[in-house]
1. Quick one: which of 166-173, 124-131 comes out on top by average Cβ neighbours within 10 Å, and what's the full order, highest first?
2. Under a straight-distance cross-link criterion of Cα-Cα below 15 Å, which aspartates and glutamates are reachable from LYS190, leaving out those fewer than 8 residues away in the same chain?
3. Under a plain spin-label model, where a point goes 7 Å from the Cα along Cα-to-Cβ, how far apart in nm are LYS149 and ASP168?
4. Scan around GLN116 for amide H atoms under 5 Å from its own, H built in the peptide plane at 1.01 Å from N, and keep only partners 5 or more places away or cross-chain.
5. Report the extension gain between GLU176 and LEU110 in nm, rounded to one decimal, defined as 0.36 nm multiplied by the number of residues separating them, less their alpha carbon distance.
6. With each label point set 7 Å from Cα along the Cα-Cβ vector, what nm distance links LEU141 and GLN203?
7. Could you sort out which of LYS74/LYS149; LYS121/LYS150; LYS107/LYS150; LYS74/LYS121; LYS121/LYS149 sit more than 21 Å apart by Cα distance in this structure?
Amino acid sequence: MRSANLKIFGGYLAKELGRKTLRRIGAGGRVLGRTGALVGIGLLGYELYRNYRDNIENEPAYREMVSLQTELDKWNAAISCIGQEPHQAGEFGSFYEGGAINALSAKKTLKRPGIQHADPKEAYMLIGRCMNYIRTTENLLPIDQFEEKKSALLSRLRRLQLQLNRVDDYRPIQNELAQIADEIRRIAAKYSARNYDCRQAFQRTLSSNAAWAAVSTTTLGLVKKPPK
């Protein structure tokens, strides 16, 4: 299991394996006491967690949710590399924002001459990083004409990247970068919507998985949840 998911499992374990599930371990706690005498309370707790984790990882909704989240993270990272909306004419960028759009904006400073100029080298690097994230994406939903749309995004980003050293006014580049970010957000929104559906389906399996984990623990693994 990926370490990023350990907190999720911990939360689900605490939520689902409460009084209701512990009652299923054995009437009056007699089985719990006998098992604890054999393997120790610490080992019993670990087995309970491991059985619960295994049940969750075998859920189709969970497996799809993990895959979708990986793709969503790539698209969100690509958006972060581009940044937010471009600044209007006469406005300055911020030292507290990232992204290529912000890198192409001048910024006010307290030191003379009072202005820090745009940094096209930083923008070039961030656009390249955005392209790298997009290159690794896969079509899991699926999205119609995904490869064509992906190639078009990469071509536009590369063209803008090459223009950075040829122009003095970066506002047209900023505007097009903002348009690209909007297109990526629409893709990310589709992944978010499907991921939400999977999460809802997954939530409905938690009680059953907790009960089966308790059964597997008290039988020392002799009885396990049937595979799907």
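Here, each number is a calculation from the coordinates, and none is a lab measurement. A quick note: this is a predicted structure, and the numbers were derived from the prediction, not measured. Cβ coordinates were reconstructed from backbone atoms using ideal geometry, including for glycine residues, and neighbour counts include every protein chain displayed.
1. Those peptides, ordered most packed to least, come out 124-131, 166-173.
2. Counting by Cα, and skipping residues close in sequence, LYS190 has these aspartates and glutamates nearby: GLU64, GLU71, ASP73, GLU138, ASP144, ASP182.
3. 4.0 nm
4. Amide H to amide H, under 5 Å and 5 or more residues apart or across chains, GLN116 pairs with LYS107, LYS108, THR109.
5. This chain segment gains 20.7 nm when fully extended.
6. The answer from the label model is 2.2 nm.
7. Violating the 21 Å Cα-Cα cut-off are LYS121/LYS150; LYS107/LYS150; LYS74/LYS121; LYS121/LYS149.
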